[in-house]
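Okay, so here's the structure we're looking at.
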């Protein structure tokens, strides 16, 4: 049915705050979706307990205990029945099958293409922004390809960088915008407002 909630899978490696934000939007009726599963690449990620406490089906596919082929296969099999995969602080590289082209999103805490790539995540991103003397930062939602923090940009939201900012204060300001940007990008996808080729590459 056209009005059925879209099935989502969320991939995490850390605290799970992004997933909980999406669930808040779903619970409030602002996002016509259902998080079918949360997959963590780490058994010790704080997000595992947090998402389970929120009532979300959460499983661990441990990157460290699996071969690369097994890891890739397990994730692909797990998400095979969902409409959209949402990277939510997922630090491993999943080789996205062709069937999932433009069906995997990521949110990054900077204005890509700057401050992205392998090893650029979490506090490291904000440290790099401050070290570069930027006066504007923000977040980016994009479709994923098989490179870190690369692929067609769907939307970005900006924040000012203040002269007295710390990494934590900048991170908090950016995360506020992430909490708006990601649900909006998913909403556009659900409503078929994003057409392949229309994104900002």
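The values are calculated or read from the model by the stated rules, or taken from the named source; none is laboratory data. Bear in mind that the values here come from a model prediction, so they are computed numbers and not experimental data. Cβ placement follows ideal geometry from the backbone for every residue including glycine, while neighbour counts extend to all protein chains displayed.
Annotation: of all residues in region 2-28 being in a loop (DSSP other than H, G, I, E, B) and touching a helix residue (DSSP H, G or I) at 6+ places or on another chain (Cβ under 9 Å), the one that is surrounded by the most Cβ atoms within 10 Å (Cβ to Cβ) is 16. In summary, residue 95 fulfils each of the numbered conditions (1) assigned to a loop (DSSP other than H, G, I, E, B); (2) in contact with a strand residue (DSSP E or B) (Cβ under 9 Å, 6 or more places away or on another chain); (3) over 12 Å from residue 37 (Cα atoms) with the single exception of condition (2). Restricting attention to region 136-164, the residues that are more than 19 Å from the chain's Cα centre (by Cα), part of a loop (DSSP other than H, G, I, E, B) and over 13 Å from residue 125 (Cβ atoms) total 3. Only one entry in 129, 141 is buried (at least 21 other Cβ atoms within 10 Å of the Cβ), farther than 21 Å from residue 17 by Cα and in contact (Cβ under 8 Å) with a residue 24 or more places away in the chain, namely 129. You will find that of 85, 79, the residue that is surrounded by 17 or more Cβ atoms within 10 Å (Cβ to Cβ), closer than 17 Å to residue 147 by Cα and in contact (Cβ under 8 Å) with a residue 40 or more places away in the chain is 85 and no other. All of 121, 182 fail the test of being surrounded by 13 or more Cβ atoms within 10 Å (Cβ to Cβ) and more than 30 Å from residue 4 (Cβ to Cβ), apart from 121. Among the residues of region 29-76, the ones that are closer than 15 Å to residue 14 by Cα, in a loop (DSSP other than H, G, I, E, B) and touching a strand residue (DSSP E or B) at 6+ places or on another chain (Cβ under 8 Å) come to 5 in all. Look at residue 105 and say whether it is at pLDDT 95 or above, within 16 Å of the chain's Cα centre (by Cα) and either under 29 Å from residue 129 (Cβ atoms) or in the same structural domain as residue 142 (by TED's automatic domain parsing) (or both). For residue 105, the condition - at pLDDT 95 or above, within 16 Å of the chain's Cα centre (by Cα) and either under 29 Å from residue 129 (Cβ atoms) or in the same structural domain as residue 142 (by TED's automatic domain parsing) (or both) - is met.
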